[in-house]
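The values are calculated or read from the model by the stated rules, or taken from the named source; none is laboratory data. Bear in mind that the values here come from a model prediction, so they are computed numbers and not experimental data. We place every Cβ from the backbone using ideal geometry, glycine too, and count neighbours over all the protein chains shown.
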């Protein structure tokens, strides 16, 4: 089973249980369909970070308050701010199936999430290689909504990236990203190679989550 | 006057603004529009340099100046727009020394929000935001409105309508494409041009996104489709990054060189976007040196479009799906009366899957608010299919309402040769754009001869011309009459078809199946007449694409006439099939059944749709439907539900079972109805995703399961305001409401909804669910029940109604 299939299975709540053939077939079909239709777009920029006291910092001149992000970025001199999306095509596909096939819809949802993560991992690897040339190390991605970093920072991030224009990524009044299969994230760049291999899931303190990576 | 010069002489726009302001100290994320007031001198300086470099049209620094973006600014929008126009005029006075005529263009960029249904910004709200800034712009003395960097056809439609309806200024539009020639929202060049020409913009084109080199293929494609002058404003190359800064590295000379190629393609207005500077514009104007332009030739293609797709009516015929229409369809009528939008959407998807290229949409019934229903159906259809739609109504109010909110250039069904009809319909086509079906009848009725019908077609085409509606936007319907009552009428129709094609060269359309009314085995006549009509020049048949007979005619015709290259489509459809005709989709489903004898219970437990269909149909021959439901269906669903709770069955399996059960239910319901049995009166439950929340998958899962357990779910959709939910609960006397929310920010709306429901409908219970909720949270906002998963809401609903019934 490839990595994205494993991830999709996890998002579907299987935990350590074996996945049934019917679902596995749906996952295969869903990835095929997504590979054909989903857009993959990313925009990122690098900004300086200045630390102040009490979890306060300035990223590219914007004030941000979050102890958890502060911890994640400790020792960094700059931050990669990024936004990525699978585009409105993916939303359309899910809406279309939600009328006729709910099982397919939830599987598409999970596969979309896995595909987006995979895409971000690939992009992150490129960014890592670029940064390494300048002697910089990349920290794990940290997104609004993780820990105490409010999702209200979506607006700031989208604006810093000019994301609506560059990749068609915008948000609702309630700070939800549109299209729905989208991510914004911050990644610290530091001179020191601190062991910080925590990826999204493990950084979360909701330890009883049914989707948690084991 | 600008509108007199556009397309007749070469005109120059200015270049980039953002990059220059950044070099003067503007920070990323800062609102540049505020600089009109705080840094007026810097702005005048930039504008002046562009005038000195030769620009004829200079944009105000108002790209993001709209009410939506300016909610956090301490400066008023009017103040900003006034200053922005003033800055350009001041710069013109300083920088134009040769007395040439120059223009101040009010620059209007996107709102930065995604429109419904993908986002949460309503079409009319977007319109309002644009209207405000455009009015200020005209009052301040702008000479034109330039709408640019748009990546969504729907948003650009709102902007163009706002400009046209609220100002008298010329309107130009440029959109942002990627290297594949697509908008970020999926639209392609022909779909964009079809819509914008329909809206009667003065010039259109492409800006931003890439450099002049990458833009060349798009310019080329635009020239192929556009009949209005084309604007080209590239960036100084693709954006690159160095030390965290974005930069562009195409030099002024290189820029000018490539812009020369752009001119050779036929662009009439050129300028620059991000990263271009006064130096780029100077190099460009010196290169171009006011050379003569060739105005774009009028194109003859008949194009209808949706936000993502253009359908060109050419020699290869297209299929217009006829099924979204209540005429003669009991179930469809009932769906309309019960406001069952899902039923209508499924009809659309089925037709798309069967091969339709355009969908006809008719929702007319007596005693129905057709205008609002038409708007709703069109909006919802456009959120699940990218096929262009044909707005089919005799109600002019409904026609206009639908044309206004339609995303793209629609097909309109119909106008006819009566003066009254043309007087009502043509102004709408003139305003919103569209390809209109022209019925060849007039005050005298339907002519009994082909010549008579051809003549009326001519009259309609002529009258349309008075409104500036070109022939390509008329598709003539010479009318199919029933041969059983009017012998010889088929021949007249075919002759008329040939006649209008020959005489006017216009595209044609026919409602094909009328021909066989009153005859046995109608598909046989329909399919043969369809082939004959195609052979006589039918461009678009309004047919049922799920009819195998019709599709055989269509695919054969395309293969025979060499419209289907290497017979590829034909082979794709028919490889592996024998020559016999299947008797409809249900039979096809049955034929494929895998394991015969698999019991209904097992089929549902394993989530096998086809087997469930088959087993239910078999059982219903010997047992009563209600017995089957109680003996097999419900126990199967219960078993799956229990497994889900125990953690041995998972969500996809639960839903596969639910979908299988749904199919079995449908079979049994049909049997019940045929026997004239009363279906049980069901308990109503409202489901909604609360205001501000656009994630509805959780709600949809709950819906499927509740429907399985025979509840009548009233699905209010997503992003639903509290008032709508409360009003519906009162009106329908609903005793259970389920609310869903994904994020902490929208739980607030959930709380508001609960509060309102308590006041308006105190006897109604409320259950809540969603990623962010837990028992504690649910208690805090005053819900009656927290469902941690979809099955819990089923159990709770059963409990509530068991008590109450």
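Some points to look at:
- Only one of the numbered conditions (1) surrounded by fewer than 19 Cβ atoms within 10 Å (Cβ to Cβ); (2) within 34 Å of the chain's Cα centre (by Cα) is not met by residue B:8, and that is (2).
- The one condition from (1) surrounded by fewer than 23 Cβ atoms within 10 Å (Cβ to Cβ); (2) more than 14 Å from chain A (Cβ to nearest Cβ) that residue B:158 does not meet is (1).
- Any hit, segment B:560-574, residues being touching a helix residue (DSSP H, G or I) at 6+ places or on another chain (Cβ under 6 Å), within 30 Å of residue B:474 (Cβ to Cβ), modelled with pLDDT of 90 or more and buried (at least 19 other Cβ atoms within 10 Å of the Cβ): yes
- For residue B:139, the conditions (1) surrounded by fewer than 24 Cβ atoms within 10 Å (Cβ to Cβ); (2) in a strand (DSSP E or B) all hold with the exception of (2).
- Enumeration of residues in segment B:741-762 that are at pLDDT 95 or above and not in a helix (DSSP H, G or I): B:761, B:762
- Listed here are the strands (runs of 3 or more DSSP E) enclosed by segment B:167-244 that have at least 2 residues being more than 14 Å from chain A (Cβ to nearest Cβ) and at pLDDT 95 or above: B:171-175, B:203-207, B:230-233.
- Hey, residue B:602 more than 30 Å from residue B:392 (Cα to Cα), at pLDDT below 95 and either within 31 Å of the chain's Cα centre (by Cα) or in a loop (DSSP other than H, G, I, E, B) (or both) or not: no
- Any chance residue A:104 is within 10 Å of another protein chain (Cβ to nearest Cβ) and either modelled with pLDDT under 95 or over 20 Å from the mean Cα position of the chain (by Cα) (or both): yes
- Some residue of segment B:681-688 being more than 12 Å from every other protein chain (Cβ to nearest Cβ), touching a helix residue (DSSP H, G or I) at 6+ places or on another chain (Cβ under 8 Å) and closer than 30 Å to residue A:15 by Cα: yes
- Residues being within 11 Å of chain B (Cβ to nearest Cβ) and in contact (Cβ under 8 Å) with a residue 12 or more places away in the chain are entirely absent from segment A:63-76.
- Members of segment B:728-753 found to be over 33 Å from the mean Cα position of the chain (by Cα) and buried (at least 24 other Cβ atoms within 10 Å of the Cβ), listed by number: B:736
- Checked against the criterion of being within 11 Å of another protein chain (Cβ to nearest Cβ) and under 24 Å from residue A:47 (Cα atoms), segment A:85-99 has at least one qualifying residue.
- Conditions (1) in contact with a helix residue (DSSP H, G or I) (Cβ under 7 Å, 6 or more places away or on another chain); (2) within 14 Å of chain A (Cβ to nearest Cβ); (3) not in a loop (DSSP other than H, G, I, E, B): number failed by residue B:129: (1)
- For the condition in the same structural domain as residue B:126 (by TED's automatic domain parsing), out of contact with any strand residue (DSSP E or B) (no Cβ under 8 Å at 6 or more places or on another chain) and within 27 Å of residue B:212 (Cα to Cα), residue B:101 qualifies.
- Residues in segment B:23-38 that are exposed (fewer than 15 other Cβ atoms within 10 Å of the Cβ) and in contact with a helix residue (DSSP H, G or I) (Cβ under 8 Å, 6 or more places away or on another chain): B:24 only.
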